[in-house]
1. Taking residue A:195 and the conditions (1) more than 7 Å from every other protein chain (Cβ to nearest Cβ); (2) over 30 Å from residue A:22 (Cβ atoms); (3) touching a residue at least 24 places away in the same chain (Cβ under 8 Å), which numbered condition does it fall short on, given that it satisfies the others?
2. Out of all the residues in region A:238-285, which are touching a residue at least 40 places away in the same chain (Cβ under 8 Å) and closer than 24 Å to residue B:252 by Cβ?
3. Quick one: which residue in B:200, B:211, B:272 is within 7 Å of another protein chain (Cβ to nearest Cβ), in a helix (DSSP H, G or I) and modelled with pLDDT of 95 or more?
4. I'm trying to understand the selection: among the residues of region B:27-61, which are assigned to a loop (DSSP other than H, G, I, E, B), under 14 Å from residue B:9 (Cβ atoms) and touching a helix residue (DSSP H, G or I) at 6+ places or on another chain (Cβ under 8 Å)?
5. Out of (1) free of Cβ contacts under 8 Å to residues at least 40 places away in the same chain; (2) in contact with a strand residue (DSSP E or B) (Cβ under 8 Å, 6 or more places away or on another chain); (3) not in a helix (DSSP H, G or I), what's the single condition that is false for residue B:157?
6. Considering only region B:200-217, I want to know if a residue exists there that is within 17 Å of the chain's Cα centre (by Cα), surrounded by 22 or more Cβ atoms within 10 Å (Cβ to Cβ) and under 30 Å from residue A:175 (Cα atoms).
7. For region B:2-52, enumerate the residues that are at positive phi and crowded, with 20+ Cβ neighbours inside 10 Å.
8. For residues that are assigned to a helix (DSSP H, G or I) and surrounded by fewer than 24 Cβ atoms within 10 Å (Cβ to Cβ), tally how many sit in region A:165-180.
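The values are calculated or read from the model by the stated rules, or taken from the named source; none is laboratory data. Everything numeric in this text was worked out from a predicted model, so none of it was measured. Quick reminder, even Gly has a Cβ in these numbers, built from the backbone with ideal geometry, and neighbours come from all protein chains shown.
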């Protein structure tokens, strides 16, 4: 049971956590802060928070758990903003999509209190964002990955685990590097590939024909190119190491595909396509 | 009204055309040929064809329309096989996914009778194949592209147009090059990108974690990597020119993305992602 939860950045992610915990009876009071007055009032009137704070300091004062649910690009500044106001028993966690950069910023800003910080990533979301998109079932059946570091206090880790479990999520732990690599593979690289293809087609002369004859496979494939550009710019910049590593492998294999097509090497293509189909059919279903 | 339709390769594509035309009362008799006796008997017992022919010659003798619905890799041989048995008023059409190579093979094999050949591509299909996958509604609301050439007889073109319209499809015409370019953009390149990613991930050490944490976006994106490897090998080999041209542009833009991530150039990424999102939201929905 959390007595007071403070949410910095009350949108889909923070708002849904609040609703889920309230519904489960696992939080007594939720205080929220957002940069814009409009967002704060919206979160209040939608019942996502019990009180709208007027500053970060106001939001976290007296909280036992603080969730940072701001965009990746605002994470470092938010950590710096809260640092002077943290008390000894306050637990801080975040919902950032990549972990190496957030943890680096936390180490820089939080100093001795780094033990109270539990890095986290709820793998849930919809194409919508903002307070009005929040709903209590967002985390049901979804995974939350926590990436504790050496300094992380085990009691703090336990509190955050229980919080997400209470919200309906399945909580796992992994190292920062493993998290950033797995997410680069299953989420960041696919988004880049789709953004790249749709961006390329959008500037072609016969874009209208392209659309008219695009079939269902293309629609499914390109859906993620409709995602929020700011969020994805921030993810690419912050998970640059893991993304670049994987992208180089991807590009190398694509160069082999290109060569196979040029040389009419059907065996290479057949082998790759068969391996891909088998993996997709047996493992991703 | 077609008196006798001959289908060479009775699977999903040919079988569904037969069922659709029968249902619409637009064909009197359908004769089918497939290489395997089992497929022929299956097509017969499922009612896809009225008679199973014992050879290509047997199948097309007396037919007014011949549909070639064999895999792309078998198209050239099938054209050579039917060539000696064609009569003057017989109309030949095909259902190949790429057009330049089929037309080249037709010109070589059919000689003077090239005017009776109408190159076509029904843009329809499911993940399944074979006679048992056929159903009469496959073409309802789907597009069929015909790519007539200079020599194509206008009466023959008209018959094939009417045939596909009777089957429920919306028929368009375009040049061979345009067809092959549009399909490379909307179908062939997306398949390559998905095959490449899933193939890469399948051989990674932490493949199991990758799967466990793959979210909905990845499932949609990678669905087409489950497509038939033989069909896609053949498509890559036969539409090599258009695919390679587009792939080079794609790779060039991907190298720019890579550079932008390396140099932390958020403006480049933001601009590309915004253009892609706008195109996807306004044009592909």
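1. Going through the list (1) more than 7 Å from every other protein chain (Cβ to nearest Cβ); (2) over 30 Å from residue A:22 (Cβ atoms); (3) touching a residue at least 24 places away in the same chain (Cβ under 8 Å), residue A:195 breaks only (1).
2. Across region A:238-285, the qualifying residues are A:239, A:241, A:242, A:243, A:245, A:246, A:247, A:250.
3. Result of the check over B:200, B:211, B:272: B:272.
4. Answer for region B:27-61, where residues must be assigned to a loop (DSSP other than H, G, I, E, B), under 14 Å from residue B:9 (Cβ atoms) and touching a helix residue (DSSP H, G or I) at 6+ places or on another chain (Cβ under 8 Å): B:34, B:48, B:49, B:53.
5. Every listed condition holds for residue B:157 apart from (3).
6. No, region B:200-217 contains no residue that is within 17 Å of the chain's Cα centre (by Cα), surrounded by 22 or more Cβ atoms within 10 Å (Cβ to Cβ) and under 30 Å from residue A:175 (Cα atoms).
7. Result: B:9, single match.
8. Residues in region A:165-180 being assigned to a helix (DSSP H, G or I) and surrounded by fewer than 24 Cβ atoms within 10 Å (Cβ to Cβ): 5 in total.
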